[in-house]
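Nothing in this text is a laboratory measurement; each read-out follows from the coordinates by a stated rule. This is a predicted model, so every value here is computed, not measured. Neighbour counts run over all protein chains shown; Cβ positions are idealised from the backbone, glycine included.
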Amino acid sequence: MDTQTDISPASATGERQWNGPLFIVGMPRSGTKLLRGLLGQNSLVRIPTYETDFIPHIARWVKDHGEPRNPDAFFAFYQSLERAPYFVFRKRDAQPFDWKQWRAACAGRFDAAALFEGFVRLETGAGFADGVIWGDKSPKYIEHLPLLVQLFPRARIVHLVRDVRDYSVSIRKAWGKDVRRAAARWNADVARAHDLCLQMPVRFHEVRYEDLLAEPERELRRLAKFIGVPFSPDMLQTARPVEHVGDAHGRRDIKRDNVGKYSVELSRREIEAIEGLAWRGMRALGYVPTIATGPREMSRLQLTLLRLKDGLALARSAARSRGLRGSLSFFTNHQRVSH
């Protein structure tokens, strides 16, 4: 990968050269909603309200079917996506969607990158001549960073990292998931993303959730500089609540004490298991294990069983609002478009 690509936000004359895309990635429950809400207070940053998650599907569809250049092909392409979670949330909020407007927003280009750019520009109102930065906040893309780099050579990617112990607590609180699998996934995905941040510092910017809460202005000034926008005090508070579950539910301000919850929420045995399973990632990111004394591994069979357990927990959680059939359809379509 080329780490020297010139994606500087401004030219020598001060004219803006870079206007996206900006991707915010990280593990779920790591503060990505908060960061999107804070950045969204800057008038030069436009990010959709919902997580897209469907870039892998777009890339696969174009590879299998070719670019959807004519209206019939584009409609077929849209039909392959209309049951994706993004459109489910959109429909729930009574926002009609016109695929013809999406096609027009692609400005005559129908490769995978242009399809996604046209979609985000349409959804956020980020016109090509506006000089605003268009982007996306989808934690799931932490699993697809090489694809993002390939499709969007000028992309800038913000990797938000949260202490694996607090992350595991939040995952369990939100959806009833197993903290051991949460730790194993954190270790794999966060360590891989961190390695890319080190290899491609021009393209990647890493933010620790704990630093964002402790020194929000400092971290947001650094982030604003990275993406080439002026810092504004408005960025220190979201326009509306961004969390609907967890300890930050309903808050617009930054909950600065939302750290270290694991010390009272987890047993000593659970902390030891999490630290052992996330040993490499913790050491790489500067998190200090307090109980575990070395790395721990789980077998493929153990991970598979825990994945099934998490799937059932997620289905039970979703069934309360969508019903069993609705939740199964929702997660089936999410898996289809996001992998």
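Please compute the length gained on full extension between R192 and R283, using 0.36 nm multiplied by the number of residues separating them and subtracting their Cα-Cα distance. Can you show the working numbers first?
Values: separation 91, 0.36 × 91 = 32.76 nm, distance 1.31 nm.
Value of the extension gain: 31.5 nm.
Per-residue ellipticity at 222 nm for the chain, helices alone: DSSP H runs ≥ 4 residues times -39500 (n - 2.57), over residue total, nearest 500 deg cm²/dmol?
Working: 15 runs with 174 residues, N = 339.
About -16000 deg cm²/dmol.
Using a Gaussian network for the chain with springs between C-alpha atoms less than 10 Å apart, which of these wobbles most: L285, L148, L301?
L301
What percentages make up the Cα-Cα pair-distance distribution of the range 53-93 when the bins are 5 Å wide from 0?
6, 22, 29, 22, 13, 6, 1
How large is Rg over Rh for the chain, taking Rg from the Cα atoms and Rh as the Kirkwood inverse mean of 1/r across Cα pairs?
With Rg and the Kirkwood Rh in hand, the quotient comes to 0.96.
Can you pull the one-decimal nm distance between simple spin-label points at F128 and R268, each 7 Å off the Cα toward Cβ?
Distance between the two pseudo-spin positions: 6.4 nm.
Springs between alpha-carbon pairs under 10 angstrom, Gaussian network model over the chain: which of P21, P85, P153 fluctuates most?
Sorting by GNM fluctuation, first place goes to P153.
Expressed as an acute angle from 0 to 90° and rounded to the nearest 10, what is the orientation of the C-alpha long axis of helix 179-199 relative to the principal long axis of the chain?
Once rounded, one gets 50 degrees.
Would you mind estimating how fast the range 5-139 diffuses translationally, via Stokes-Einstein at 10 °C and 1.306 mPa s with the Kirkwood radius over Cα pairs, in µm²/s?
Details: Rh = 15.9 Å.
For the chosen part, D equals 100 µm²/s.
How much length is gained if the chain between Q199 and S299 is pulled fully straight, taking 0.36 nm per residue apart and subtracting their Cα-Cα distance, in nm to one decimal?
33.0 nm
Calculate how steeply helix 164-175 sits against the longest principal axis of the alpha-carbon atoms of the chain, using the helix alpha-carbon long axis, and give the answer as 0 to 90 degrees to the nearest 10.
70 degrees
Considering the Cα positions of the range 52-200, please state its Rg to one decimal place and its Dmax as a whole number of Å.
Considering the range 52-200 through its Cα atoms, Rg and Dmax are 17.4, 50 Å.
Round to the nearest 0.05 the FRET efficiency obtained for K255 and F75 when R0 = 51 Å and r is the Cβ-Cβ distance. Before the final figure, lay out each step's value.
Details: r = 44 Å, r/R0 = 0.87.
Rounded to the nearest 0.05, the efficiency is 0.70.
Using 0.36 nm times the number of residues separating R320 and K173, minus their current alpha carbon distance, what extension gain do you get? Don't skip to the end; give the middle numbers.
Details: separation 147, 0.36 × 147 = 52.92 nm, distance 1.54 nm.
Length difference between fully extended and current span is 51.4 nm.
Report the convex hull volume per residue for the range 120-204, counting only C-alpha atoms, in Å³.
Values: hull volume 10.1 nm³, N = 85.
Enclosed volume per residue, from the Cα hull, is 119 Å³.
Within a 10 angstrom radius of the beta carbon, how do K100, K261 rank from fewest other beta carbons to most? Write down the numbers at each step before the final one.
Values: K100 11, K261 17.
Going from least to most buried by this count: K100, K261.
I'd like the antiparallel share, as a percent to the nearest 5, of DSSP beta bridges with both residues in the chain. Intermediate results must be reported in sequence, preceding the final value.
On the way: 1 of 16 bridges.
DSSP beta bridges in the chain are roughly 5 percent antiparallel.
Would you list F23, F226 from fewest to most Cβ contacts within 10 Å? Show your work: numbers first, answer last.
On the way: F23 24, F226 17.
Listed from fewest to most nearby Cβ atoms, that is F226, F23.
Taking the chain as a Gaussian network, Cα atoms linked when under 10 Å apart, which of T124, T293, T32 shows the biggest mean-square fluctuation?
T293
Rounded to the nearest 10 degrees, what's the angle between the helix 300-338 long axis and the longest principal axis of the chain, both from Cα atoms, 0 to 90?
Roughly 50 degrees, rounded to the nearest 10.
Once you charge only the Cβ atoms, +1 for Lys and Arg and -1 for Asp and Glu, what is the size of the charge dipole of the range 119-167 about its Cα centre, to the nearest 20 debye? Display every interim value, and only then the final one.
Numbers: 7 positive and 6 negative charges, 19 e Å.
Using Cβ point charges on Lys, Arg, Asp and Glu, the range 119-167 gives about 100 debye.
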